[in-house]
Amino acid sequence: MNTISSLFNPSAVAVIGASHTPGKIGHSIVKNIIASGYRGGIYPVNPAGGEVCGLRCFKDMEAISDPVDVACTVVPARMVHDAVLACALKGVKYNLIITSGFSETGNIEEEKKLVRTARDHGMRIVGPNIFGLYSAEAYMDATFGTGNIKPGPVAIITQSGALGLAMIGKTGVESIGLSAIVSVGNKCDIDESDLLEYLVQQQRTKVILMYIEGIKQGERFIRSLKKSTRVKPVVVIKAGRSARGAAAAASHTGSLAGADEIVDAILKQCGALRADSIAEAFSWCTYLSNAPEPATEQTVIITNGGGVGVMATDACERYDIPLYNDSEALRDIFSPVTPSFGSTKNPIDITGGAAAPEYSQALDAALDHDRIGAAMALYCETAVFPAADLEKMLEDIHRRYTDLRRPVLFAAVGGEDIEHAIIRLRKKNVPVFNDVYQAVACMGKLFEHYRQKRSRCDTFEDCDIDTAAIDAITREARESGRSFLSARESRDIMRIVGIKMPASCVARSLDEALARCEEVGFPLVMKVVSPDIIHKSDAGGVVLDLHNRDEVIDAWQAIMQRCLAYLSSARIDGIELSAMIEPGVETIVGARRDPVLGPIAMFGQGGIYVEVMKDVSFRALPLNRLEILAMMKQTRSYPLLLGVRGEAKKRHRRSA
Ligand code: COA
């Protein structure tokens with residue numbers, strides 16, 4: 001069992017700063033712990049003694065004779081260190097520091113001091129600057145939220161405390177049950193990875209929702225997230241763009257994407273489901289926490305209205321939901337339950353006259369068919385099928401489908417009666433939505449989760465590359481004050497990794513170029529070699545397709561003239577002569593170490609339009625073959641590599 005378990009299931013809790021005044025944070029926390037039904041020891045601590053919420057108040061930690069696993073610290077910032085020390089000496093395992101006024105306001109040193117003191121005594125800190133923690137496992141609401149949290153299958157880890165408190169309120173409105181909600185605040189010690197690793201193995205948690213603003217230990221987070229999504233769905237709302245990421249994006253590879261685009265790609269690589277809003281995240285979490293794994297993704301849409309059917313079809317395309325389209329089979333299955341003026345083509349239109357029996361029959365017909373894995377029933381409110389009947393029918397169908405482990409969901413669009421029916425059904429965990437797109441998105445995310453689980457492969461092939469020799473080359477460049485490699489150094493690295501390069505040489509003078517051009521072979525390419533000119537074609541420093549010595553002479557003079565006109569101070573070390581290779585598709589491969597996320601790789605369309613087309617994909621390293629292939633397939637230009645319109649498969653040409 002993960003050692004963090006006593007944070008979620010403590011034997012006793014102390015609240016330091018337990019206030020006698022109702023409405024104060026230190027008072028609300030004690031009140032919530034009692035009200036949530038926590039069965040362990042509750043120890044309010046306040047030097048004034050007396051009672052808080054009917055419990056004896058201890059003057060200090062020493063006065064408590066029993067062991068305490070968790071402390072909530074709710075005293076002003078200047079008193080927090082003493083409280084942390086007192087808890088550490090008492091043997092407290094986890095300290096939830098609610099207090100604000102540390103690194104988030106520039107008080108960094110004081111925060112570091114808290115961590116040092118805690119570590120010296122083996123105590124861990126959550127926070128500071130948090131709202132606390134709710135754990136269904138312990139029936140413990142140690143937050144200053146509004147209380148009445150409904151226990152259930154969704155765990156929330158949030159960096160924003162205020163938003164977390166608001167989410168507690170919203171889970172109540174949306175009838176979402178929580179297994180835990182915890183805010184990480186400044187993450188001075190325990191961070192989202194620690195919590196994720198615990199919650200992912202906790203039985204009662206079926207889905208994890210994370211709200212993240214900034215990532216601190218990116219590489220560790222990526223590892224934890226990859227592991228977690230293999231076990232259960234993780235929905236991530238990632239807001240804000242990191243300033244450090246934006247600065248790093250100024251480098252050549254990074255400039256092809258904002259930091260957020262890279263984060264987005266990595267979240268996907270890790271198998272997380274990224275949501276844009278709380279509403280979206282909540283609906284995915286609700287659905288994913290109850291829906292079974294689909295045996296097949298072939299889906300049918302059953303509707304009483306053409307319009308919603310079309311909308312759902314569009315949404316299916318957007319969310320990658322395959323619609324079952326064997327028209328003969330569809331006709332066989334659905335014509336007994338579809339009027340002649342309806343449609344048995346998927347979406348199945350059972351028409352506006354359909355009521356509960358028609359929906360039930362159509363869904364039963366779908367359910368009986370092995371090749372149909374999931375169903376979505378759409379309903380536009382009509383007089384022939386009132387909301388009361390709808391409610392009962394959806395509940396029955398949902399139960400039947402769930403027993404048979406088939407994913408099903410419903411969208412019902414209509415007036416007040418329908419809205420009320422939806423609220424009541426949601427309370428009973430029936431997946432019904434008042435918006436078609438929202439409903440389809442949930443099914444799409446269910447498929448995406450299981451698809452990534454099935455197809456992801458996190459094992460790596462052995463590779464036998466002399467990395468020490470590569471390190472020596474890059475070290476030498478760095479030691480000579482360069483942040484880029486010369487053509488010769490690049491060539492050496494290519495040789496080490498086994499990538500073929502066309503024959504070439506660098507000529508320092510026109511005479512040398514003429515002496516060596518035959519050895520390179522015609523047709524050839526000439527490219528300027530200058531530490532001051534990185535983008536050679538911009539400076540007119542590249543001439544292609546030279547067939548004889550006269551053309552070499554002309555090209556030499558043209559390159560020299562154009563480059564000096566481009567940058568008169570440019571140091572020109574010579575001109576590289578390379579064998580001209582057959583036309584192909586230029587690709588770019590890049591990598592850099594992101595200060596937060598660690599090593600990142602990039603693949604995409606290369607050539608002079610690379611910055612304009614921005615047709616690139618990103619992944620966190622390390623990568624295996626499967627992921628590299630997925631990365632290539634993700635670019636818009638991937639079909640070019642396979643050959644389009646009868647062209648033969650093209651060879652890749654790397655960009656200079
Ligand atoms: N040990 C225990 N209790 C102590 C104490 C000590 N050494 N010294 C004082 N106290 C008591 C106080 O007497 C008071 O109790 P009382 O109301 O019965 O007199 C209680 O602790 C709280 O202290 P007080 O000075 O009244 O502070 P406060 O309640 O106004 O504010 C915080 C304390 C922690 C709430 C405040 O500093 C803070 O950080 N607020 C922001 C919290 C926040 O938003 N966090 C992020 C959430 S998302």
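The values are calculated or read from the model by the stated rules, or taken from the named source; none is laboratory data. As the structure is a computational prediction, the values presented were derived from the model and not from experiment. FYI the Cβ positions are ideal-geometry reconstructions off the backbone, even for glycines, and counts take in every protein chain you see.
Condition test on LYS527, is it modelled with pLDDT under 90 and of a type in the set (D, E, K, R)? No; evaluated as a whole, the condition is false for this residue. The set of residues in segment 199-220 that are modelled with pLDDT of 95 or more, crowded, with 21+ Cβ neighbours inside 10 Å and in contact with a Leu (Cβ under 9 Å, 6 or more places away or on another chain) comprises THR205, VAL207, ILE208, MET210.
Annotation note: Cβ proximity below 9 Å between a residue of segment 525-543 that is free of Cβ contacts under 8 Å to residues at least 60 places away in the same chain and farther than 21 Å from MET501 by Cα and a residue that is outside any loop (DSSP other than H, G, I, E, B) and among the basic types (Lys, Arg) (sequence gap 6+ or interchain) occurs for ALA539/ARG562; GLY540/ARG562.
In summary, GLU586 fulfils each of the numbered conditions (1) part of a loop (DSSP other than H, G, I, E, B); (2) closer than 30 Å to GLY521 by Cβ with the single exception of condition (1). Checking the structure you have, find out if any residue of segment 461-475 is of a type in the set (Val, Ile, Thr), surrounded by 12 or more Cβ atoms within 10 Å (Cβ to Cβ) and in contact with a strand residue (DSSP E or B) (Cβ under 7 Å, 6 or more places away or on another chain). No, because not a single residue in segment 461-475 is of a type in the set (Val, Ile, Thr), surrounded by 12 or more Cβ atoms within 10 Å (Cβ to Cβ) and in contact with a strand residue (DSSP E or B) (Cβ under 7 Å, 6 or more places away or on another chain). Scanning segment 122-138 for residues being within 12 Å of the ligand (Cβ to nearest atom) and of a type in the set (Phe, Trp, Tyr) gives a total of 1.
Of all residues in segment 342-359, those satisfying the criterion of being in a helix (DSSP H, G or I) and buried (at least 17 other Cβ atoms within 10 Å of the Cβ) are ALA356, GLU358, TYR359. Of ARG488, ARG478, ARG482, ARG426, all but one fail to be outside the structural domain of PRO622 (by TED's automatic domain parsing) and either within 30 Å of THR299 (Cα to Cα) or among the polar types (S, T, N, Q) (or both); the exception is ARG426. Output yes when any residue across segment 399-418 is loosely packed, with under 15 Cβ neighbours inside 10 Å, in contact (Cβ under 8 Å) with a residue 12 or more places away in the chain and farther than 17 Å from VAL430 by Cα, and no when none is. Within segment 399-418, one or more residues are loosely packed, with under 15 Cβ neighbours inside 10 Å, in contact (Cβ under 8 Å) with a residue 12 or more places away in the chain and farther than 17 Å from VAL430 by Cα. The set of residues from segment 155-208 being basic (Lys, Arg) and within 16 Å of the ligand (Cβ to nearest atom) comprises LYS170, LYS187. When segment 74-98 is filtered for residues that are under 16 Å from MET61 (Cβ atoms) and surrounded by fewer than 23 Cβ atoms within 10 Å (Cβ to Cβ), the ones remaining, listed by number, are VAL75, MET79, HIS81, ASP82, LEU85, ALA86, ALA88, LEU89, LYS90, GLY91, LYS93. Among the residues in segment 388-400, are any out of contact with any Asp or Glu (no Cβ under 8 Å at 6 or more places or on another chain), assigned by TED's automatic domain parsing to the domain that holds ASP370 and farther than 20 Å from ILE302 by Cα? No, segment 388-400 contains no residue that is out of contact with any Asp or Glu (no Cβ under 8 Å at 6 or more places or on another chain), assigned by TED's automatic domain parsing to the domain that holds ASP370 and farther than 20 Å from ILE302 by Cα. When MET393 is evaluated against the numbered criteria (1) buried (at least 18 other Cβ atoms within 10 Å of the Cβ); (2) modelled with pLDDT of 90 or more, which criterion, by number, is the only one it fails? MET393 satisfies every listed condition except (2). Scanning segment 456-473 for residues being in contact with a helix residue (DSSP H, G or I) (Cβ under 8 Å, 6 or more places away or on another chain) and free of Cβ contacts under 8 Å to residues at least 24 places away in the same chain gives a total of 1.
Looking only at segment 1-17, which residues are more than 7 Å from the ligand (Cβ to nearest atom), part of a loop (DSSP other than H, G, I, E, B) and either at pLDDT 95 or above or not assigned by TED's automatic domain parsing to the domain that holds TYR134 (or both)?
ASN9, PRO10, SER11 - these are the residues of segment 1-17 that are more than 7 Å from the ligand (Cβ to nearest atom), part of a loop (DSSP other than H, G, I, E, B) and either at pLDDT 95 or above or not assigned by TED's automatic domain parsing to the domain that holds TYR134 (or both).
Of the residues LEU96, LEU114, LEU133, the single one that is assigned by TED's automatic domain parsing to the domain that holds ALA18, of a type in the set (A, V, I, L, M) and touching a His at 6+ places or on another chain (Cβ under 9 Å) is LEU114. Whenever a residue of segment 1-28 is closer than 20 Å to LEU85 by Cα, its partners that are acidic (Asp, Glu) and assigned to a loop (DSSP other than H, G, I, E, B), lying with C-beta atoms within less than 7 angstrom and at least six residues away or across chains, give the pairs SER6/ASP69; PRO10/ASP69; ALA12/ASP66; ALA12/ASP69.
Could you tell me whether GLU512 is modelled with pLDDT under 95 and in a helix (DSSP H, G or I)? So GLU512 does not fit the description; no. Selection of segment 594-641 for residues being charged (D, E, K, R) and in a helix (DSSP H, G or I) yields GLU611, ARG625, GLU627, LYS633.
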